[in-house]
């Protein structure tokens, strides 16, 4: 009775085909065990890539929807006829099927709307076609050192979970043509450049298991990053050069341009990092370029600081201040010396004049203005002051000459040189940058 109920249940799951009688007998005698009397079962596989939904650099994985088709021959399912039988997907529980799994899958699911997306087709010679529609998220190790000019090679690996190479052998049904759908696939940031298949073995502690590998190469589209990052950062560098044409006396204008470009560049660098993995092991190509641009912008700000400092330290500027101060002191000293000299000359003339006639007492006349014993000391004062002033001026000139040797002759030449050296250096660095990351 139980056997009849099981048989009736199986018949109810079949589609309304005219060949239900032989199929009923086939399914009744087929068990779920692996048939290995004539060696390992060979399973041919093919893939149809329906879509690649996302490629995440942060999680280093991709999500794809695929149609997985597996073919093998089960001699227990041979029947007479020339037409294949399409069965309900729920009948897979009554058949032996390979225990295929996706190796690097993080999560996968079988579509079940409106029913489980399975296909079972049996051919008269016992060949079974088993197809599934699967969406899977697969890990993909990415090398982002050349991001965004990078190429990533991802894989989709299929293995047998429980059957080793003595039980099951996997092979690609049509070689490299076993995978289709990539030629018409459209991705947001990538283009599929190349793809190929390979056959391998997975070696574990429990034995060797069959493995099929599908390799595909993804090349990132750089146009988005050129418009989003490279062009704005380059324009900021050019904007920082505007300060070279502004007068050095316009301190607020040049400082404002320098600080604004530095802050804007910092914001741009932070924004470029938000969509990337925070991995210290990766120094990406875009980080190198942003660092170059930041260095040029910061260098333009430092250039003005150096030029302004050299202007303040320039001999013309310092001499004007120092000479003005010392000339004022010397003018005051010269006035004093002139007064003393005139007084000394007057005293000397009076000394050289003939002595007046003797007085009634017979002694030379002494007047209040007559020179005394201290007159010679007064005459020595002008020469001492002159020599001291000359010595100070000589020392001052030596100091100024030594300072002049350590400074630029004309600080305005710094801006003139920067107008040429900064753009030329930036062009050379760009040529080296793009040549290295595009061709090496």
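Read the figures in this text as sums done on the coordinates, not as results from a lab. It should be emphasised that the depicted structure is a prediction, and the values quoted were computed from it without experimental measurement. Quick reminder, even Gly has a Cβ in these numbers, built from the backbone with ideal geometry, and neighbours come from all protein chains shown.
The alpha carbon convex hull volume per residue for region 78-118 rounds to 112 Å³.
Which of rounded, prolate or oblate describes region 7-221 when judged by the alpha-carbon gyration tensor and an a/c cut-off of 1.5? It is prolate, given that a/c is not under 1.5 and a/b is the larger ratio.
Footprinting exposure proxy ranking of 211, 284, fewest other C-beta atoms within 10 angstrom first, gives 211, 284. Residue exposure proxy: 56, 247, ordered by other Cβ atoms within 10 angstrom of their Cβ from fewest to most, comes out as 247, 56. Relative contact order for region 7-221: 23 percent, from Cα pairs under 8 Å spaced at least 6 residues apart, divided by residue count. Here 241, 434, 161 are placed in order of increasing Cβ neighbour count within 10 Å, fewest first, which gives 161, 434, 241.
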